[in-house]
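A short worksheet on the structure shown next.
The values are calculated or read from the model by the stated rules, or taken from the named source; none is laboratory data. Treat the numbers as computed from the prediction; the structure is a model and nothing was measured. Note: ideal-geometry Cβ built from the backbone for every residue, glycine included; neighbour counts use all protein chains shown. Calculation scope for accessible area: heavy atoms of the full protein, side chains included, ligands and nucleic acids excluded. Shrake-Rupley method; radii C 1.70, N 1.55, O 1.52, S 1.80 Å.
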Amino acid sequence: MARAWVDISLDAVAANVRALCERVAPAAVCAVVKADGYGHGAVPVARAALGAGATWLAVAQVPEATALRAGGISAPVLLLSEPRPDEVEEALAARIDVTLHTAALIAALGHAAAARPSGSPPVKVHLKVDTGMHRVGAAPADIVALAHLVQAHPHLDLRAVWTHCAVADEPERPETARQLECYEACLSDLAAEGITVPLRHAANSAAALLHPASRYDLVRCGIAIYGISPAPSREVDLLLTPVVRLATEVSFVKPVAKGEGISYGHRFHTERDSVIATLPIGYADGVFRRLGELGQEVLIGGHRYPMVGVVTMDQLMVDVGPHSAVRAGDEAVLLGAQGDERISPEEWAVRLGTISYEVVCAIGARVERRPLSS
Ligand SMILES: *Cc1c(COP(=O)(O)O)cnc(C)c1O
């Protein structure tokens with residue numbers, strides 16, 4: 001028995017992908033499985049997503065693409081950032097679509113592509129334009145020149161020009177519409193030069209769900225396929241099915257008298273005689289240290305009980321009350337449902353002042369992933 005485990009409902013992933021496909025049609029869905037599928041396991045999530053109607057996958061780094069191919073996945077994979085120069089060969093070997101936005105990498109990829117055996121298919125290039133995120137991407141004024149550079153290489157094929165939205169999760173803000181205007185101006189500039197762009201994409205989950213104009217030909221959805229709403233929205237919550245259930249077993253239970261300090265620093269003192277349960281999961285497993293001080297609850301026997309004292313690296317304490325029936329060996333749920341109660345990644349995120357993306361990505365390598373499907 002693992003000390004802590006996270007059940008990953010692949011049925012829920014599939015349901016989320018089907019809901020997105022329906023919502024964004026005729027645009028296609030690209031399932032973003034970077035960072036080991038936001039901590040859920042890239043290969044099983046990718047398979048579930050493709051089985052449910054996604055036609056593309058995306059990753060952030062070349063080794064993540066290699067891992068998908070090693071997992072037997074042959075669907076189109078988009079690399080969302082330029083490869084490092086020393087990863088160009090690996091990117092070619094993985095037969096992926098490559099994001100480019102600099103002349104230097106266009107030259108490097110064109111050169112490496114030309115060195116492959118004759119008859120190799122052209123490498124598909126997605127030129128990235130920065131319309132306002134200011135992370136990576138070409139300046140809009142440079143996009144035509146870069147497209148010409150790609151076209152000058154016989155072994156490169158310009159498949160897409162794309163951009164990324166910075167504030168799509170706040171639908172009332174005006175920047176998204178401005179970014180899309182800028183993007184469309186780039187597409188017009190390219191068209192005026194006789195350059196056709198077969199594939200246009202701009203939307204992450206928030207844009208795909210909340211800004212229909214951003215859908216174009218393809219939407220790149222990460223967080224939504226993991227059942228997490230990219231923005232507070234009752235309507236989106238209803239569309240999505242939760243995927244993760246992070247659990248462990250109570251390892252130890254003991255009475256603690258009123259006024260005793262609990263955990264490092266004794267930052268918490270019992271206000272009454274009570275019973276303290278210990279769980280064998282800590283911040284090394286992704287349960288943020290501060291959650292204990294903040295009194296985040298866990299589920300045991302279908303009831304909510306607060307964490308007390310700071311979370312330690314490997315263990316945390318829970319006040320289960322003076323007359324508790326909680327015993328060592330009982331299941332404790334940190335994220336997900338037990339009985340009629342549910343704790344969502346959003347609940348942690350709100351408490352911590354972060355976003356649910358960070359919560360699920362933080363689930364540690366020591367926690368056993370259990371992909372489940374019916
Ligand atoms: C991570 C990422 C996505 C997916 O974003 P979500 O908000 O998780 O849907 C899409 N596009 C790019 C460029 C990304 O880096």
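Observations, loosely collected:
- Filter result for LEU190 (away from the ligand (no atom under 16 Å from the Cβ), open to solvent by less than 10 Å² (accessible area, probe 1.4 Å) and touching a strand residue (DSSP E or B) at 6+ places or on another chain (Cβ under 7 Å)): yes
- For segment 24-46, filtered to residues that are part of a helix (DSSP H, G or I) and surrounded by fewer than 22 Cβ atoms within 10 Å (Cβ to Cβ), the residue that is nearest to the ligand (Cβ to nearest atom) is LYS34.
- Pairs are defined by a Cβ separation below 6 Å, a sequence spacing of at least 6 or placement on different chains, a first member in segment 146-167 that is of a type in the set (Lys, Arg), and a second member that is open to solvent by 20 Å² or more (accessible area, probe 1.4 Å); the pairs so defined are ARG159/LYS124; ARG159/PRO198; ARG159/LEU199.
- Leading residue by the ranking (surrounded by the fewest Cβ atoms within 10 Å (Cβ to Cβ)) among those in segment 173-187 that are in contact (Cβ under 8 Å) with a residue 40 or more places away in the chain and more than 27 Å from the chain's Cα centre (by Cα): ALA185
- Condition met for ALA168 (in a loop (DSSP other than H, G, I, E, B), touching a helix residue (DSSP H, G or I) at 6+ places or on another chain (Cβ under 8 Å), within 16 Å of the ligand (Cβ to nearest atom) and under 26 Å from LEU146 (Cβ atoms)): yes
- Yes/no for GLU235 being more than 14 Å from the ligand (Cβ to nearest atom) and touching a His at 6+ places or on another chain (Cβ under 8 Å): no
- Among residues of segment 59-71 that are over 13 Å from ASP36 (Cβ atoms) and basic (Lys, Arg), those with a beta-carbon under 7 Å from a residue that is at pLDDT 95 or above and surrounded by 14 or more Cβ atoms within 10 Å (Cβ to Cβ) at least six positions away or on a different chain give the pairs ARG69/ALA94.
- Each residue in segment 144-164 was checked for being within 13 Å of the ligand (Cβ to nearest atom) and surrounded by fewer than 23 Cβ atoms within 10 Å (Cβ to Cβ), and 1 of them qualify.
- Selection count, segment 195-205, where residues are within 9 Å of the ligand (Cβ to nearest atom) and open to solvent by 10 Å² or more (accessible area, probe 1.4 Å): 1
- Within segment 277-374, strands (runs of 3 or more DSSP E) holding 2 or more residues that are basic (Lys, Arg) and under 21 Å from ILE228 (Cβ atoms): 368-372
- Among the residues listed as LEU57, LEU127, the single one being assigned by TED's automatic domain parsing to the domain that holds GLY39, under 27 Å from ARG18 (Cα atoms) and in a strand (DSSP E or B): LEU57
- Subset of segment 171-187 (residues that are of a type in the set (Lys, Arg) and either under 20 Å from ILE143 (Cβ atoms) or more than 16 Å from the ligand (Cβ to nearest atom) (or both)): ARG178
- Every residue from segment 138-161 that is farther than 16 Å from ASP97 by Cβ and assigned to a loop (DSSP other than H, G, I, E, B): ALA139, ALA152, PRO154
- Looking only at segment 206-221, and only at residues there that are in contact with a helix residue (DSSP H, G or I) (Cβ under 6 Å, 6 or more places away or on another chain) and touching a residue at least 60 places away in the same chain (Cβ under 8 Å), the one that is nearest to the ligand (Cβ to nearest atom): CYS221
- Scanning segment 63-73 for residues that are farther than 15 Å from LYS124 by Cα and either part of a loop (DSSP other than H, G, I, E, B) or open to solvent by less than 10 Å² (accessible area, probe 1.4 Å) (or both) returns LEU68, GLY71, GLY72, ILE73.
- SER118 vs. criteria more than 21 Å from ALA31 (Cβ to Cβ), over 26 Å from the mean Cα position of the chain (by Cα), at pLDDT below 95 and surrounded by fewer than 22 Cβ atoms within 10 Å (Cβ to Cβ): yes
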